[in-house]
Amino acid sequence: MFYWDNAATTFPKPHAVRKAMAQALMRYGANPGRGGHAMAYATSEAVYRCRETAAELFGADGPERVVFTLNCTMAMNIVLKGLLANGGNAVISDVEHNAVLRPLHALSTQKHVTYTTVPVSLDDPAETVRRFEKAVTADTRVIVCSHVSNVFGVIQPIRQIGAIAREHHIPFVVDAAQSAGVLPLDMVRDNIDFLCIAGHKGVYGPMGTGMLLTSGRYALPSFIEGGTGSRSMDPRQPDDLPDHLESGTPNTVGICGLYAGMQFVKTVGIAHIYERELAHIVAVYRALENTQGIQLYTPCPTAGRFAPVLSYNVAGVPSEKTAALLSEAGVAVRAGLHCAPLAHLKMGTQGGGTVRLAPCVFTTEDETQKVIKILRQTAQKALQT
Ligand code: PMP
């Protein structure tokens with residue numbers, strides 16, 4: 001099977017990740033911060049190492065500013081529900097995932113929360129920045145932007161959007177689910193206050209891992225309260241991070257896998273990963289644009305403007321049908337709306353969604369050529385049946 005569904009979750013995970021998780025069950029089998037013995041200390045250290053690595057990889061000011069979550073969605077909920085607890089306006093892009101849209105919608109039905117969607121430009125990042133600037137009002141409490149659209153791959157100029165947030169003294173939240181591990185990210189340089197990451201995608205951790213990194217500039221209320229292994233006589237949730245936002249026994253096995261995943265990404269190099277994956281996507285794009293009956297929605301991906309995620313359709317054929325035919329032919333992809341209705345509304349694909357292709361660090365040129373052949377054959381078959 002050729003796995004091109006890496007925008008949903010990366011597969012396979014590197015050998016080092018699988019090994020780290022198996023070892024964690026043996027070496028770090030105690031509860032971190034909740035035992036006065038050597039294995040509990042060793043487990044705490046393993047968890048801490050993961051925080052250190054994340055802080056270093058994403059430019060957070062210290063390991064304590066790294067909060068472990070279940071996934072990117074949970075990180076986004078912690079931030080949005082905290083920042084908008086007293087109401088206010090959120091400015092978001094018009095390619096946001098449901099991880100942003102649904103918490104905002106829920107807030108808008110319960111509290112005095114509104115949200116403004118800013119249409120991003122596919123070909124002019126400076127225009128996108130101007131539109132964000134215009135959308136900010138006195139009521140705006142937060143700007144949220146996906147670094148990369150998980151459907152169309154377009155990269156947003158987050159550093160410049162972050163600069164607007166900074167100017168207006170409001171927090172800037174970046175959804176890096178589709179970019180962490182593939183594009184460079186630095187919280188300081190990119191003016192990011194809250195960075196939401198899916199551990200199971202481009203940083204090659206297991207599913208059930210995610211992270212929220214904070215600049216420390218803005219405080220959040222606690223999200224779930226409970227045992228932290230610290231200040232246990234005090235019924236109030238500790239104020240210090242990460243305990244303020246983490247309660248209960250953590251996913252130590254997942255965190256050890258996530259650590260190994262981030263080390264893997266560091267070793268291979270983010271620039272190298274991006275360059276390779278983009279080359280695969282460009283090869284696919286070039287082949288598809290010359291194939292009869294194929295509909296593409298974006299210009300040919302160029303470095304710096306697009307991430308290695310490509311949506312297409314066989315004209316007049318439901319995306320699910322194409323995906324099913326591809327699956328029969330040995331290519332795994334995702335069809336439909338990809339949990340990002342706004343992006344589809346923007347591109348006019350809300351009816352049937354799109355077929356989404358996403359390679360990973362393990363994709364080879366040979367595999368890409370085989371996949372291209374199958375994509376073309378499948379398109380012809382879909383058109384004939
Ligand atoms: N935002 C974007 C842009 C995504 O692509 C995804 C995952 N598809 C999410 C948020 C949610 O991530 P998770 O599944 O880790 O909660």
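Of note:
- Qualifying residue in the range 123-138 (condition: within 16 Å of the ligand (Cβ to nearest atom), at pLDDT 95 or above and among the aliphatic types (A, V, I, L, M)): no
- Subset of the range 115-161 (residues that are more than 30 Å from W4 (Cα to Cα) and in contact with a Cys (Cβ under 6 Å, 6 or more places away or on another chain)): I161
- Residue list for the range 199-246, filter: out of contact with any strand residue (DSSP E or B) (no Cβ under 8 Å at 6 or more places or on another chain), within 15 Å of the ligand (Cβ to nearest atom) and of a type in the set (A, V, I, L, M): M207
- Screening G162, G216, G229 for residues that are in a loop (DSSP other than H, G, I, E, B) and more than 19 Å from G254 (Cβ to Cβ) leaves exactly one candidate, G216.
- Lone qualifier among T363, T354 - being within 16 Å of the ligand (Cβ to nearest atom) and buried (at least 19 other Cβ atoms within 10 Å of the Cβ): T354
- Test set (1) polar (S, T, N, Q); (2) more than 16 Å from the chain's Cα centre (by Cα); (3) in a loop (DSSP other than H, G, I, E, B) - T10 fails condition number: (2)
- Checked against (1) under 18 Å from V371 (Cβ atoms); (2) crowded, with 21+ Cβ neighbours inside 10 Å; (3) of a type outside the set (D, E), G293 passes all but condition (2).
- Taking first residues from the range 163-180 that are modelled with pLDDT of 95 or more and partners that are away from the ligand (no atom under 16 Å from the Cβ) and among the small types (G, A, S), the Cβ contacts under 8 Å between residues at least 6 apart in sequence or on separate chains come to P171/A165; F172/G162; F172/A165; V174/G162.
- Filter result (in a loop (DSSP other than H, G, I, E, B) and either under 22 Å from the mean Cα position of the chain (by Cα) or among the charged types (D, E, K, R) (or both)) within the range 338-385: H338, C339, A340, T349, Q350, G353, P359, C360, V361, F362, T363
- Residues satisfying the stated conditions in the range 307-329, i.e. out of contact with any strand residue (DSSP E or B) (no Cβ under 6 Å at 6 or more places or on another chain) and either touching a residue at least 12 places away in the same chain (Cβ under 8 Å) or among the charged types (D, E, K, R) (or both): P308, V314, G316, V317, P318, K321, L325, L326, E328, A329
- Between G82, G29, G62, G36, the distinction of being among the small types (G, A, S) and within 12 Å of L213 (Cβ to Cβ) belongs to G62 only.
- D243 of a type in the set (D, E, K, R) and without any contact (Cβ under 8 Å) to a residue 12 or more places away in the chain: no
- If you go through the range 1-16 and keep only what is within 16 Å of the ligand (Cβ to nearest atom) and either in contact with a helix residue (DSSP H, G or I) (Cβ under 8 Å, 6 or more places away or on another chain) or over 17 Å from H200 (Cβ atoms) (or both), you end up with W4, K13.
Matching residues to (1) of a type outside the set (G, A, S); (2) within 16 Å of the ligand (Cβ to nearest atom); (3) out of contact with any helix residue (DSSP H, G or I) (no Cβ under 9 Å at 6 or more places or on another chain); (4) touching a residue at least 24 places away in the same chain (Cβ under 8 Å):
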{"site": "E64", "(1), (2), (3), (4)": "yes, no, no, yes"}
{"site": "I78", "(1), (2), (3), (4)": "yes, yes, no, yes"}
{"site": "L84", "(1), (2), (3), (4)": "yes, no, no, yes"}
{"site": "I92", "(1), (2), (3), (4)": "yes, yes, no, yes"}
{"site": "E96", "(1), (2), (3), (4)": "yes, yes, no, yes"}
{"site": "A106", "(1), (2), (3), (4)": "no, yes, no, no"}
{"site": "Q110", "(1), (2), (3), (4)": "yes, no, yes, no"}
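- Counting the residues of the range 307-339 that are of a type outside the set (V, I, T) and touching a Ser or Thr at 6+ places or on another chain (Cβ under 7 Å) gives 10.
- Conditions (1) more than 16 Å from the ligand (Cβ to nearest atom); (2) under 28 Å from the mean Cα position of the chain (by Cα); (3) part of a helix (DSSP H, G or I): number failed by M39: (2)
- One residue stands out in the range 41-77 among those that are among the β-branched types (V, I, T) and under 15 Å from P250 (Cβ atoms): the one that is surrounded by the most Cβ atoms within 10 Å (Cβ to Cβ), namely V66.
- The single residue among V268, V317 that is out of contact with any Asp or Glu (no Cβ under 8 Å at 6 or more places or on another chain) and either buried (at least 17 other Cβ atoms within 10 Å of the Cβ) or acidic (D, E) (or both) turns out to be V317.
- Applying the criterion of being touching a Gly at 6+ places or on another chain (Cβ under 9 Å) and not in a loop (DSSP other than H, G, I, E, B) to the residues of the range 296-333, the residue that is farthest from the ligand (Cβ to nearest atom) is V314.
The values are calculated or read from the model by the stated rules, or taken from the named source; none is laboratory data. For clarity, every value in this text was computed on a predicted model and none was experimentally measured. Every residue, glycine as well, gets a Cβ built from its backbone with ideal geometry; the counts of neighbours run over all protein chains shown.
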